[in-house]
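Enquirer: The structure is given below, and queries will be raised subsequently.
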Amino acid sequence: MRALLVDRTAPAGIRLGEAPDPLPGPHEALVRVVATSLNQGEVKHGVSAAPDGAVLGWDAAGVVERAAADGSGPAAGTPVVTLGADGAWAELRAVDTDLLGAVQPSADLGAISTIPVAATSALLALRRTGPLLGRRILITGATGGVGRYAVQLARQSGAYVIASTGDPDTHGEELRTLGAHEVIAAPARLAGPVDAVLDMVGGEQLVQSYDKLTENGTLVALGHSAGEPEHFPYGALFGDQGRHNRAIVSFFLLSSPDLTPALTWLADQVTAGTLNPGISWRGSWNESAEAVTAMLEGRLHGKAVLDIT
Ligand SMILES: NC(=O)c1ccc[n+]([C@@H]2O[C@H](COP(=O)([O-])OP(=O)(O)OC[C@H]3O[C@@H](n4cnc5c(N)ncnc54)[C@H](OP(=O)(O)O)[C@@H]3O)[C@@H](O)[C@H]2O)c1
């Protein structure tokens, strides 16, 4: 099969080449991939850590070529959305049927390929904050793949949504269209307290966000885009002055059991048009170096979709 292979001599560290077809285990379906989307983690850290020749990629949408031997998952011919630790940047992928959701035949599989990491992380992390109806939530890194889904899902959950981006002049209107009530330049600019935070940035933004949490509030530390450590000033973790019982919880998508219901529901929302996939770059996988470079240079602000042409 053809696949995007790690190759440090190639532009952006990947090139199209040949790789052996995957051999599915008993609980895995073989999927013919139609589109894949890129994520910051695999592009920034995965490519530099993997050996040359490796086939990376977490997100893929396609059609089941061969159903799992143990009878789990959908039948051959079913369009699906899939998540895995690697193997998405290829024509064929073997995928655990607990990490796969069925998709309606009318769906745009390019749009659907944005779901596995970005939308599923946003959905499950929002659940960690507890009910959002009538509550205030701050979402940092809101212009990114996860952030755009999080803004929409939080708004649909009935929250008052505050989106943070380093460039509100450029992205403010777009974020408001997605559902943000307010757009701010940094958590430190926030006027009032919030009940919940979904933090995609880490570093100073996490520290500033924690400072805005109200009593019993929860901050979900989902991402680390800033690549900086978190330094809390003395007293920041005191529970006095009505700020008792604030929590920071970590999050890791791939440790979640059975993602099929979440993937299927999210795919239905994107297909129905009630969730915008936030695509900021789309093209053939022949042009993957352009998308990877844009992502590494911080120019994407949304999802990059590669069509497996
Ligand atoms: N824990 C998990 O299981 C899990 C799952 C999914 C993603 N993640 C992590 O969550 C984070 C967000 O993922 P994503 O896919 O949404 O990433 P993304 O599309 O690259 O978006 C990240 C956003 O963070 C903001 N940002 C602020 N400072 C930044 C910096 N120094 N470098 C880059 N971006 C910066 C940018 O928005 P502005 O420029 O508008 O401020 C950018 O749009 C990443 O760290 C990713 O690895 C973790």
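The values are calculated or read from the model by the stated rules, or taken from the named source; none is laboratory data. Computed from a prediction, not measured in an experiment: that's the story for all the values here. In this analysis, Cβ positions are derived from the backbone assuming ideal geometry, glycine residues included, and neighbour counts consider all displayed protein chains. Only protein heavy atoms, including side chains, enter the accessible area calculation; ligands, DNA and RNA are left aside. Shrake-Rupley method; radii C 1.70, N 1.55, O 1.52, S 1.80 Å.
Residues are listed down the side, and each one gets a yes or a no for (1) touching a residue at least 12 places away in the same chain (Cβ under 8 Å); (2) within 11 Å of the ligand (Cβ to nearest atom):
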residue	(1), (2)
SER164	yes, yes
THR170	no, yes
GLU173	no, no
GLY179	yes, no
VAL183	yes, yes
ALA188	yes, no
PRO193	yes, no
ASP199	yes, yes
GLY202	yes, yes
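Enquirer: Name the residue that is nearest to the ligand (Cβ to nearest atom), counting only residues in segment 118-145 that are part of a helix (DSSP H, G or I) and touching a strand residue (DSSP E or B) at 6+ places or on another chain (Cβ under 8 Å).
Expert: Out of the qualifying residues, it is GLY145.
Enquirer: Further question on the same structure: Among the residues of segment 69-91, which ones are under 17 Å from GLY53 (Cβ atoms) and either touching an Asp or Glu at 6+ places or on another chain (Cβ under 6 Å) or crowded, with 17+ Cβ neighbours inside 10 Å (or both)?
Expert: If the condition is that a residue be under 17 Å from GLY53 (Cβ atoms) and either touching an Asp or Glu at 6+ places or on another chain (Cβ under 6 Å) or crowded, with 17+ Cβ neighbours inside 10 Å (or both), then GLY87, ALA88, TRP89, ALA90, GLU91 are the ones that fit.
Enquirer: Contact list please: Cβ distance under 6 Å, first residue in segment 25-41 and among the acidic types (Asp, Glu), second residue part of a strand (DSSP E or B), pairs at least six apart or on different chains.
Expert: Correct list of pairs: GLU28/ALA94; GLU28/VAL95; GLU28/ASP96.
Enquirer: Of everything in segment 291-309 that's charged (D, E, K, R) and in contact (Cβ under 8 Å) with a residue 24 or more places away in the chain, which residue is surrounded by the most Cβ atoms within 10 Å (Cβ to Cβ)?
Expert: LYS303
Enquirer: Report yes if some residue within segment 271-286 is β-branched (Val, Ile, Thr), assigned to a helix (DSSP H, G or I) and surrounded by 16 or more Cβ atoms within 10 Å (Cβ to Cβ); otherwise report no.
Expert: Yes, segment 271-286 has at least one match.
Enquirer: Could you list, in sequence order, the residues of segment 237-270 that are of a type in the set (A, V, I, L, M, F, W, C) and at pLDDT below 95?
Expert: If the condition is that a residue be of a type in the set (A, V, I, L, M, F, W, C) and at pLDDT below 95, then LEU237, PHE238, LEU254 are the ones that fit.
Enquirer: Look through segment 20-49, keep the residues that are within 16 Å of the ligand (Cβ to nearest atom) and of a type in the set (A, V, I, L, M, F, W, C), and return whichever of them is farthest from ILE308 (Cα to Cα). Talk me through it step by step, then tell me what you get.
Expert: First pass over segment 20-49, keeping only residues within 16 Å of the ligand (Cβ to nearest atom): 36-49.
Pick out the ones that are also of a type in the set (A, V, I, L, M, F, W, C) and you get 38, 43, 47, 49.
Details: LEU38: 13, VAL43: 18, VAL47: 19, ALA49: 24 Å.
So, considering only residues that are within 16 Å of the ligand (Cβ to nearest atom) and of a type in the set (A, V, I, L, M, F, W, C), the one farthest from ILE308 (Cα to Cα) is ALA49.
Enquirer: Please work out if LEU259 is farther than 18 Å from GLY223 by Cβ and touching a strand residue (DSSP E or B) at 6+ places or on another chain (Cβ under 7 Å). Can you show your working first?
Expert: On the way: farther than 18 Å from GLY223 by Cβ: yes; touching a strand residue (DSSP E or B) at 6+ places or on another chain (Cβ under 7 Å): yes.
Answer is yes for this residue.
Enquirer: Check LEU237, LEU266, LEU254 and return the single one that is over 18 Å from GLU204 (Cβ atoms) and open to solvent by 70 Å² or more (accessible area, probe 1.4 Å).
Expert: Values: LEU237 fails: over 18 Å from GLU204 (Cβ atoms); LEU266 fails: open to solvent by 70 Å² or more (accessible area, probe 1.4 Å).
None of the others qualify; the one that does is LEU254.
Enquirer: If I filter segment 208-224 down to residues being in a helix (DSSP H, G or I) and either at pLDDT below 95 or within 16 Å of the ligand (Cβ to nearest atom) (or both), which single residue comes out as least open to solvent (accessible area, probe 1.4 Å)? Don't jump to the end; show me each part of the working.
Expert: Step one: of segment 208-224, the residues in a helix (DSSP H, G or I) are 208-211.
So of that shortlist, the ones also either at pLDDT below 95 or within 16 Å of the ligand (Cβ to nearest atom) (or both) come out as 208-209.
Numbers: GLN208: 41, SER209: 0 Å².
In this case the residue turns out to be SER209.
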